[in-house]
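Only one structure is covered here, and it is reproduced in the block below.
The values are calculated or read from the model by the stated rules, or taken from the named source; none is laboratory data. Quantities reported herein were computed from a predicted structural model and do not represent experimental measurements. Reconstructed Cβ throughout: ideal geometry from the backbone, glycine too, with neighbour counts over all protein chains shown.
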Amino acid sequence: MQIEKIDHIHVYVRDLRAAIARFEDLLGVTFGDIMVEGLEDLGVIGAFAPPGIDMSQPTSPQSPVAKVIERHGEGLVGGVSFKVPDIDAGVAELQSKGLQLLNRIQIGGLKEAWFHPGNAHGLLIELCEYNEANALEAVSRRDSGTSEPSE
């Protein structure tokens, strides 16, 4: 599998709007609009900021993100996303190496797949694929937003 780059990190927070304001002030980054569409099945809302911050807030206590925050607190507990040129090939390769696929989604031009951290020393590995300059631009392309069930 070819990895083009580490694309973004996942930060889980209890209050997305407060976290956005804090990170924009601390780091001088600008987050895109809060995303709801395409994330309903995951039980989160989220926002991206270049150069690669993806923040998620749970929308219910039953969401996987809420459970992670309950166990570990807020912060860099979500995982790391690796940009690949062919997400289907990447998914097949990681599954062949024993990683459990948790879920796949597509929002706009951004395709993502998440793998269980249990077989990766506690790291949730995410693969992403897009053709735009960055994940925020890919998400903004709303012509093809769909969710795919996990396998």
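Data for the structure
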read-out: Hey, S60 over 18 Å from Q2 (Cβ atoms), hydroxyl-bearing (S, T, Y) and touching a residue at least 40 places away in the same chain (Cβ under 8 Å) or not; value: no
read-out: Residue list for segment 61-92, filter: among the polar types (S, T, N, Q), part of a loop (DSSP other than H, G, I, E, B) and either in contact with a strand residue (DSSP E or B) (Cβ under 9 Å, 6 or more places away or on another chain) or crowded, with 19+ Cβ neighbours inside 10 Å (or both); value: S63
read-out: Among (1) on the phi < 0 side of the Ramachandran plot; (2) out of contact with any Leu (no Cβ under 8 Å at 6 or more places or on another chain), the one test that V11 misses; value: (2)
read-out: Restricting segment 95-123 to residues that are assigned to a loop (DSSP other than H, G, I, E, B), of a type outside the set (G, A, S) and at pLDDT 90 or above, the residue that is surrounded by the most Cβ atoms within 10 Å (Cβ to Cβ); value: L99
read-out: Count - residues of segment 1-35 that are of a type in the set (V, I, T) and more than 22 Å from V77 (Cβ to Cβ); value: 1
read-out: The one condition in (1) touching a residue at least 60 places away in the same chain (Cβ under 8 Å); (2) more than 17 Å from Y12 (Cα to Cα); (3) over 13 Å from the mean Cα position of the chain (by Cα) that A135 fails to fulfil; value: (3)
read-out: Residues of segment 1-31 that turn out to be surrounded by 17 or more Cβ atoms within 10 Å (Cβ to Cβ) and either out of contact with any strand residue (DSSP E or B) (no Cβ under 9 Å at 6 or more places or on another chain) or more than 21 Å from G122 (Cα to Cα) (or both), as a count; value: 5
read-out: Residue count for segment 69-80, restricted to those that are under 20 Å from A113 (Cβ atoms) and either modelled with pLDDT of 90 or more or charged (D, E, K, R) (or both); value: 1
read-out: Number of the condition not met by Q100 [criteria: (1) within 17 Å of G118 (Cβ to Cβ); (2) in contact (Cβ under 8 Å) with a residue 24 or more places away in the chain; (3) touching a Gly at 6+ places or on another chain (Cβ under 8 Å)]; value: (2)
